[in-house]
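The values are calculated or read from the model by the stated rules, or taken from the named source; none is laboratory data. Everything numeric here is computed off the predicted structure, so don't read it as measured data. Positions of Cβ are backbone-derived with ideal geometry, glycine not excepted, and every protein chain shown enters the neighbour counts. Accessible surface is based on the protein model in full, side chains and every heavy atom, while ligands, DNA and RNA are left aside. Shrake-Rupley method; radii C 1.70, N 1.55, O 1.52, S 1.80 Å.
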Amino acid sequence: DVAAGSVGRLPGEPIVRKLGYRTPTLHPIPRRVLVRIWDSVDVRSLVQCWPWKLSVGSHGYGQVGWGRTGGGNAMTTAHRAAWTALFGPIPVGMTVDHRCRNSICCNPCHLRLRTNPDNAGDNRQARRGRGRRSYKDPVK
């Protein structure tokens, strides 16, 4: 989830990818975006998934976008923005994984930090049918 070339990022600064065909660049998630993130999440009980209510990208993840000062737009996934809003920056080399395997879920109890290789291994195992959901969502 962390784009290559994070040179110039300040320690503790949230990072996101700028989507597009060019080399990804990193932009901090503005405080105004982090504050309003929960308006776009269907918050339920702690054991249920909290689905993202707005835009979902072709990758299947909820997405959050904002205009940047000086022009242009930036975007990140909803679950990464939710994590950052509650727990702070995502460390370099880590990704936010859905324990529940529901790509639009923003419930912090269903999210965890993983290394990219560990997350990729979990995803391969789940695609083979041997993966198990850590949390059952009783109400869809």
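Note on region 6-58: residues that are in a loop (DSSP other than H, G, I, E, B), at pLDDT 50 or above and farther than 18 Å from His110 by Cβ total 8. Among the residues of region 67-84, those that are surrounded by fewer than 17 Cβ atoms within 10 Å (Cβ to Cβ) and not small (Gly, Ala, Ser) comprise Arg68, Thr69, Asn73.
Let's see how each residue does on (1) charged (D, E, K, R); (2) open to solvent by less than 70 Å² (accessible area, probe 1.4 Å); (3) at pLDDT 65 or above:
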site	(1), (2), (3)
Val96	no, yes, yes
Arg101	yes, no, yes
Cys106	no, yes, yes
Arg112	yes, yes, yes
Asn116	no, yes, yes
Ala120	no, yes, yes
Arg124	yes, no, yes
Gly129	no, yes, no
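Among the residues of region 59-68, those identified as assigned to a strand (DSSP E or B) and at pLDDT 90 or above are Gly62, Gln63, Val64.
Okay, residues lined up against (1) assigned to a loop (DSSP other than H, G, I, E, B); (2) of a type in the set (D, E, K, R):
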{"residue": "Gly70", "(1), (2)": "yes, no"}
{"residue": "Met75", "(1), (2)": "no, no"}
{"residue": "Arg80", "(1), (2)": "no, yes"}
{"residue": "Trp83", "(1), (2)": "no, no"}
{"residue": "Leu86", "(1), (2)": "no, no"}
{"residue": "Ile90", "(1), (2)": "yes, no"}
{"residue": "Thr95", "(1), (2)": "no, no"}
{"residue": "Ser103", "(1), (2)": "yes, no"}
{"residue": "Cys109", "(1), (2)": "no, no"}
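From the list Ser40, Ser58, the one residue that fits, being within 17 Å of Leu86 (Cβ to Cβ) and small (Gly, Ala, Ser), is Ser40.
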